[in-house]
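Worksheet for the structure shown next.
The values are calculated or read from the model by the stated rules, or taken from the named source; none is laboratory data. If you're wondering where the values come from, they're calculated on a predicted model, not measured in any experiment. Ideal geometry is used to build each Cβ from the backbone, glycine not excepted, and the neighbour counts take in all protein chains shown. Only protein heavy atoms, including side chains, enter the accessible area calculation; ligands, DNA and RNA are left aside. Shrake-Rupley method; radii C 1.70, N 1.55, O 1.52, S 1.80 Å.
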Amino acid sequence: DSMEKIDVLVVGCGISGISAAYHISKHCRGTTFAVLERRAKLGGTWSFFKYPGIRTDSDVFSFGFGWKRWESDNIVAPAKDICQYLDDAVDEHGLRQHIRLNTDVVSASFSSATQRWTVTTGAGGTIVCRFLILTTGYYQYEKPHMPAFDGSD
């Protein structure tokens, strides 16, 4: 077991987690932070789903970063291009050093007495932080919801 103290912990490294990391590094200089991602690759939905033809349902300018120009001619972009865009954004702004892949969170508790979060990872590590930002999205990858329909058994 190890314990680490930082200012901000971001959980999830998709579009929102990367954006949070950028804004912390740009606007909160001197703030210590980390981004935890349970999977082996950043990118959230865009690196997870692999079905044929996966792409945005709107132009990339609607959800891309204001701080990272979209340079592809594909404005309704396939997942592969979005993943490349996210990787480039992370690398161009020095964010990769803050990202910890293959690191899941198993618990988080807040202490009113210390005004700190204590977060436990699946590997048994403990991170104590002032601010906890959850950018995990809404999808349970391991156990997706299956609605019950008459006759679907």
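General observations
- Pair list, Cβ < 6 Å and 6+ apart or interchain, from the range 65-81 residues that are more than 19 Å from F49 (Cβ to Cβ) and assigned to a loop (DSSP other than H, G, I, E, B) to residues that are modelled with pLDDT under 90 and of a type in the set (D, E, K, R): I75/D59
- Exactly one residue out of F149, F49, F63, F110 is exposed (fewer than 14 other Cβ atoms within 10 Å of the Cβ), over 20 Å from the mean Cα position of the chain (by Cα) and modelled with pLDDT under 95, and it is F149.
- Any hit, the range 127-139, residues being of a type in the set (S, T, N, Q), surrounded by 14 or more Cβ atoms within 10 Å (Cβ to Cβ) and within 24 Å of H23 (Cβ to Cβ): yes
- Top-ranked residue in the range 34-46 [being of a type outside the set (A, V, I, L, M, F, W, C) and open to solvent by less than 70 Å² (accessible area, probe 1.4 Å); ranked as farthest from R130 (Cα to Cα)]: T45
- Selection over the range 82-135 of residues that are in contact with a helix residue (DSSP H, G or I) (Cβ under 8 Å, 6 or more places away or on another chain) and either without any contact (Cβ under 8 Å) to a residue 60 or more places away in the chain or over 27 Å from V60 (Cα atoms) (or both) gives a count of 4.
- Scope the range 66-107; condition more than 16 Å from G14 (Cβ to Cβ), hydroxyl-bearing (S, T, Y) and open to solvent by less than 50 Å² (accessible area, probe 1.4 Å); matching residues: S72
- Pairs with Cβ under 7 Å, 6+ apart, first in the range 10-33 and open to solvent by less than 30 Å² (accessible area, probe 1.4 Å), second modelled with pLDDT of 95 or more and of a type in the set (D, E): G12/E37; C13/E37; F33/D7
- Scanning the range 88-125 for residues that are part of a loop (DSSP other than H, G, I, E, B) and hydroxyl-bearing (S, T, Y) yields T103, S112, T114.
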